[in-house]
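A.B. asks: Please read through the structure below; I'll follow up with questions.
The values are calculated or read from the model by the stated rules, or taken from the named source; none is laboratory data. From a predicted model like this one, the values you see are computed outputs, not experimental measurements. In this analysis, Cβ positions are derived from the backbone assuming ideal geometry, glycine residues included, and neighbour counts consider all displayed protein chains. These accessible areas exclude ligands, DNA and RNA; they are computed on the full protein's heavy atoms, side chains included. Shrake-Rupley method; radii C 1.70, N 1.55, O 1.52, S 1.80 Å.
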Amino acid sequence: MLNERSNIVSRTAVVPSNIALIKYWGKRDDQAQWPANDSLSMTLSTACTTTTATIADGVDELHVDGKVVVAGTDHKALNYLGKLRRELGFTAPLAIRSSNSFPADCGIASSASGLAALTTAAIAAWTGASSFSELAAADFGRERLAALARRGSGSACRSLHGGYVLWEAGNAPASQSVSVALDAGVFDLADVIVILSREKKAVPSTVAHRAAWTSPLFAPRLAGLPDRMARLKKALRDQDLTSLGDLIETEALEMHAVMMSATPASTYMLPRTSEFFAWLRTARRRGDFEAYFTLDAGPNPHVLCRPDDAARVAERIRRDFGADDLILDTTGTGPTLHAEPLSSGKLI
Ligand code: DP6
């Protein structure tokens, strides 16, 4: 059993979301959270989850975006917290407050930042660590945190690092690894997130993952991914936006084709999403700007472009496409962790 020492300090993890360029879709093993394929994402900076954890009396208490999650309900974060505690042997109850800087559960990977932030803040509270180096000293280095966060939500493991992050499936559940493919600062991009709908998705991605294997397009997808991954890594190294853009658009459309051709089928795109793709491609062909789309399990496109072009791209999306609800994000440097005395009056 590890040490549960500090109950006078709260720990706050600020963890960015990430946008997958090569998607994690389908699992070889649900229980072990073993993905069907390697994935690669860009860590964001503005879209993030801030989670504060404090050792509490009584029972776990979880607030998400100002709303209490009632104990005993079937809630992804609450279930995961229980699992984490059992696995690590910590007993102290936690008071946890979590807030997202972006709308949750509509395809902007709130479970990625949310579950990674919960892992970091909870373990920091339990161990008394106030920084990532103190967490590492308590035997919770990034690799272990990523492996734990992955149990909560697969994509969460990629939010523990900044820059471009590679999650490799390995040959067995235990040989999975998460590493930095390219540091932030080497090829920074902007991500204009276009929020076409804030409605919560009808089918959680965890449920839709299971159907991937039933799609006739899934086996050919898996066969082609190693080559796409190699080409994406090269595009990142060469800072080649044009090649990167072509690859990520094909990748996103392929994943959605798998979703839509699975049994049961899931359709996350709205008619407005495909209108947006057509509009963006036309504007790009006309030479208005160089920007490319990708899409996670939701209707809200991410538009990647060079940081210097982001304001112009956003302005054209507002003016010509008529979408006003935008988040302007960029490649981020990864999560932060800090401690604050309870007397600061900020908490719980
Ligand atoms: C489309 O990580 O949300 O965003 O592991 O079941 O929690 P669970 O799934 P989740 O799946 C994310 C899928 C995706 C693509 C990606 O982020 O790679």
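A.B. asks: Looking at the structure I just gave you, is R86 among the basic types (K, R) and away from the ligand (no atom under 13 Å from the Cβ)?
C.D. replies: yes
A.B. asks: Test each condition in (1) in a helix (DSSP H, G or I); (2) open to solvent by less than 60 Å² (accessible area, probe 1.4 Å); (3) over 24 Å from S39 (Cα atoms) for F289 and report the one that comes out false.
C.D. replies: (1)
A.B. asks: Further, regarding this structure: Quick one: count up the residues across region 315-348 that are modelled with pLDDT under 95 and either open to solvent by 60 Å² or more (accessible area, probe 1.4 Å) or assigned to a helix (DSSP H, G or I) (or both).
C.D. replies: Going through region 315-348 one residue at a time, the tally reaches 7.
A.B. asks: Grab the strands (runs of 3 or more DSSP E) fully contained in region 136-223, keeping just those with 1 or more residues being of a type in the set (S, T, N, Q) and open to solvent by less than 40 Å² (accessible area, probe 1.4 Å).
C.D. replies: Values: elements: 164-168, 177-182, 190-194.
Here the list reads 177-182.
A.B. asks: Then there is this: Taking the condition of being over 16 Å from A122 (Cα atoms) and surrounded by 16 or more Cβ atoms within 10 Å (Cβ to Cβ), how many residues in region 38-68 meet it?
C.D. replies: Here the count works out to 10.
A.B. asks: Could you check how many residues of region 28-86 are over 20 Å from A339 (Cα atoms), assigned to a strand (DSSP E or B) and over 19 Å from the mean Cα position of the chain (by Cα)?
C.D. replies: Going through region 28-86 one residue at a time, the tally reaches 5.
A.B. asks: Another question about this same structure. Quick one: is F277 within 23 Å of the chain's Cα centre (by Cα), within 18 Å of A20 (Cβ to Cβ) and away from the ligand (no atom under 16 Å from the Cβ)? Before you say what the answer is, go through the steps one by one.
C.D. replies: Values: within 23 Å of the chain's Cα centre (by Cα): yes; within 18 Å of A20 (Cβ to Cβ): yes; away from the ligand (no atom under 16 Å from the Cβ): yes.
Yes.
A.B. asks: What number goes with the only condition from (1) open to solvent by less than 60 Å² (accessible area, probe 1.4 Å); (2) closer than 30 Å to D309 by Cα that D246 does not pass?
C.D. replies: (1)
A.B. asks: Another question, if that's okay. Among the residues of region 300-308, are any closer than 16 Å to Y24 by Cβ and out of contact with any Cys (no Cβ under 7 Å at 6 or more places or on another chain)?
C.D. replies: yes
A.B. asks: Does A121 qualify as being aliphatic (A, V, I, L, M), surrounded by 19 or more Cβ atoms within 10 Å (Cβ to Cβ), more than 11 Å from the ligand (Cβ to nearest atom) and at pLDDT 95 or above?
C.D. replies: Yes: the conditions hold for A121.
A.B. asks: Evaluate the following for M260: is it at pLDDT 95 or above, crowded, with 18+ Cβ neighbours inside 10 Å and closer than 29 Å to C157 by Cβ?
C.D. replies: no
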